[in-house]
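S.K.: Take this structure, written in structure tokens, and hold onto it; I'll ask about it next.
The values are calculated or read from the model by the stated rules, or taken from the named source; none is laboratory data. Please read these numbers as outputs of a predicted model, since none were measured by experiment. When we count neighbours, we look across all protein chains shown, and the Cβ atoms used for this are built from the backbone with ideal geometry, even at glycine.
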Amino acid sequence: NMDPLLPNLQIVDTTVPKDRQQCLLKASKEAKSLASYNIRYEKSTVLDKRTACEEAKKRCWAVTSTPSEVQYLGQLHLNFGKYNGQSFKWLVENDVGYINLLDLHIKECCHPDRKASQGDWVKDLLLRYVQLHPQVSCHLKINVDRAIYGQGCFRSFTFLEMWQ
């Protein structure tokens, strides 16, 4: 991957076709040590969606003056949880398993009595970013039929295809 703005994904099996590849769900050493320190990030640095997106685009300028959606979304920072302050790009490179928090976010967003909370846009944009990377988004519950079995002669089959 030659574009420094795009994530270097840890793929389980690179021998399966590209559109069937999935990311490793194991957290990197860096992710584990970061989570154990549980760095507290200045939440006030990201106030609103527009400012955050503008800042993310500025971080791309060293590489390109016209960043694509996938490039600038990768430069957005998490403002919650154990990886507070890390970029979306960093997250998909270091702990794809952590995106399962989006399963809950999707479920909550569908709940009729739910009150939208202030930071929802961060999870919305993280979900958008993850969906731009099929090797990552295949791990979300909503895409369970796209998950790859990954064993033996069924190595590149989705669970759905195996039952058909």
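S.K.: Which of the residues that make up the range 67-102 are under 12 Å from the mean Cα position of the chain (by Cα) and among the acidic types (Asp, Glu)?
M.R.: 93, 95
S.K.: Run residue 57 past the list (1) at pLDDT 85 or above; (2) surrounded by 11 or more Cβ atoms within 10 Å (Cβ to Cβ); (3) out of contact with any Pro (no Cβ under 6 Å at 6 or more places or on another chain); (4) part of a helix (DSSP H, G or I) and report the number of the one that doesn't hold.
M.R.: It is condition (3) that residue 57 fails.
S.K.: Counting only residues that are over 17 Å from residue 74 (Cβ atoms), in a loop (DSSP other than H, G, I, E, B) and modelled with pLDDT of 85 or more, how many does the range 27-50 have?
M.R.: Total satisfying the criteria: 2.
S.K.: Restricting to the range 82-116, what's the tally of residues that are of a type outside the set (S, T, N, Q), surrounded by 14 or more Cβ atoms within 10 Å (Cβ to Cβ) and assigned to a loop (DSSP other than H, G, I, E, B)?
M.R.: Residues meeting the conditions: 4.
S.K.: If you don't mind, there's one more thing I want to ask. Taking residue 64 as meeting all but one of (1) at pLDDT below 90; (2) more than 11 Å from the chain's Cα centre (by Cα), write down the number of the exception.
M.R.: Failing condition for residue 64: (1).
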